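Scroll down for the structure; my scribbles are underneath it.
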Amino acid sequence: MNTAAHTTDYTAAPRGWFSRTEAWLDERGKGAWIAAMVVSFILFWPVGLALLAYMIWSKRMFSKSCAHRSARTPQAWQDRHMSHRHGFSTSGNTAFDAYKAETLRRLMSEQEAFEAFLERLRAAKDKSEFDQFMDERAEAAQTARDEAYDIEDESDEIDDVEVLDEPKRAKKK
């Protein structure tokens with residue numbers, strides 16, 4: 001029976017500053033987390049309180065050690081990150097885990113492609129709405145211009161009309 005080697009490469013999600021800090025503190029153990037919390041309380045107490053809540057919520061406060069959570073290899077971090085992120089853990093069967101990782105990678109790339117499609121669709125819709133607005137604006141300006149010229153033309157026609165308020169005067173010969 002052949003089993004596929006478990007190789008996953010999640011390059012789609014770069015590690016942010018929070019993930020890097022969390023990994024750095026995990027490598028140093030529970031003492032580093034407690035020291036970071038104490039320093040946070042000293043510098044700015046809401047950050048210390050948030051760090052304490054995070055430690056309790058993530059069960060870092062009451063576990064034996066934080067170091068067992070992180071492996072030294074980035075591949076293991078990526079596997080752990082993906083499994084926690086999507087609620088999956090390894091099954092122990094490397095062939096299934098490889099299939100699952102490939103399926104997740106394919107679904108993530110399809111999701112990114114779909115989000116890019118939606119972004120292009122939104123951009124096209126925005127462009128069509130903007131073009132329609134500009135056409136309506138140009139049409140309104142043209143209508144206003146035409147009405148202004150019509151009023152000027154009507155003023156010439158008024159000169160040709162006899163004014164009724166003035167009495168007719170006989171022309172002298």
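A few remarks follow.
- Taking all pairs of distinct alpha-carbon atoms in the range 17-62, Kirkwood radius in angstrom: 10.5
- Pairwise FRET efficiency - Asp150 versus Glu115, Cβ, R0 = 45 Å, nearest 0.05: 0.30
- Distance in nm between pseudo-label sites at Trp17 and Thr143 (7 Å out along the Cβ direction from Cα): 5.3
- Rounded percent of accessible protein surface that carbon and sulfur make up, the range 98-151, 1.4 Å probe: 59
- The range 104-148 shape via C-alpha gyration tensor axes, a/c threshold 1.5: prolate
The values are calculated or read from the model by the stated rules, or taken from the named source; none is laboratory data. Worth saying up front: this structure is predicted, and the values here are computed from it rather than measured. Counting neighbours? That spans all protein chains shown, and the Cβs are built from the backbone with ideal geometry, glycine included. The area values use the complete protein model at the heavy-atom level, side chains included, leaving out ligands, DNA and RNA. Shrake-Rupley method; radii C 1.70, N 1.55, O 1.52, S 1.80 Å.
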